[in-house]
1. Going toward the positive end of the dipole of the range 25-168, with +1 on Lys and Arg Cβ and -1 on Asp and Glu Cβ, which of ALA154, ILE29, THR74 do you reach last?
2. All other residues with a Cβ under 12 Å from the Cβ of ARG77 taken together, and with Lys, Arg as +1 and Asp, Glu as -1, what is their net charge?
3. Which value, in debye to the nearest 20, gives the size of the charge dipole of the range 25-168 about its Cα centre, when Lys and Arg are +1 and Asp and Glu are -1 at the Cβ?
4. Add -39500 (n - 2.57) for each DSSP H run of 4 or more in the chain, then divide by its residues: what number comes out at 222 nm, to the nearest 500 deg cm²/dmol?
5. Scan (i) 1.90; (ii) 1.38; (iii) 1.13 for the value of Cα Rg over 2.2 N^0.38 Å calculated from this model and give just the label.
6. Evaluate the distance, in nm, between pseudo-label points positioned 7 Å from the Cα of THR65 and of VAL151 along their respective Cα→Cβ axes.
7. Taking the Cβ-Cβ separation of GLU122 and GLN56 as r and a Förster radius of 30 Å, what is the calculated FRET efficiency to the nearest 0.05?
8. Given the Cα-Cα distance of ILE140 and LEU39 and 0.36 nm per residue of separation, how much length would full extension add, in nm?
Amino acid sequence: MKLWRAIVVWWMLALPVVAQDAAPQILIIDSDRIYFETLYGRRIAADLAAAAQEVQAENEQIVATLTEEERSLTQRRPDMAPEDFRAEADAFDDKVQEVRRVRDAKNIELQTKNAEQRTVFEDRVQGIIANVMIERGAVIVMEQRNVVMSVRAANITDDVIVRVDAELGDGTR
């Protein structure tokens, strides 16, 4: 009886090790890591950061110009007729509103471009993830943030990053 108990205990202890060595049926990825750690994702992020920096520099130049115009109007006010001042002040306000509208549109355009680039990236990477899934005999790939607990072997993020770099490079090929 002791021998059977020893065999059952040994079998139960060995089972988790065997289960971990087998290919998991469910794989896990961290899509943010794939995006930010691949050559392709980093190139997109760098391009968008450069565009955002360009917009910021334009904004700073516009603010400096508008500040100078406002200062000039304020300094000239004592020498102006009230109706002339009101006309220039209204024109200045209209100009500021138009600048805000244009700048807001530019920021929205930048955000849209970012979303579009991310979608293209994810579409191109999806095939690589599918190939890894098939090679590993898995039936599903889940996003890391939706997983409560898993074995390390189920996470294929590092493998996908290596493959994306190898197959897509920085995305310009």
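Just so it is clear, none of the values below were taken in a lab; they were calculated from the coordinates. It should be emphasised that the depicted structure is a prediction, and the values quoted were computed from it without experimental measurement. Cβ atoms come from the backbone with ideal geometry, glycine included; neighbour counts cover every protein chain shown.
1. Result: ALA154, furthest along the dipole toward the positive end.
2. Working: positive: ARG71, ARG76, ARG86; negative: GLU70, ASP79, ASP84, GLU88.
Residues close to ARG77 contribute a combined charge of -1.
3. Working: 19 positive and 29 negative charges, 134 e Å.
Here the range 25-168 has a charge dipole of around 640 debye.
4. Working: 5 runs with 131 residues, N = 173.
Computed ellipticity for the chain at 222 nm equals -27000 deg cm²/dmol.
5. Computed from the coordinates, Cα Rg over 2.2 N^0.38 Å corresponds to (i).
6. So the two model labels end up 6.4 nm from each other.
7. On the way: r = 27 Å, r/R0 = 0.90.
For R0 = 30 Å, the calculated efficiency reads 0.65.
8. On the way: separation 101, 0.36 × 101 = 36.36 nm, distance 2.57 nm.
Taking 0.36 nm per residue and subtracting the Cα distance, the gain is 33.8 nm.
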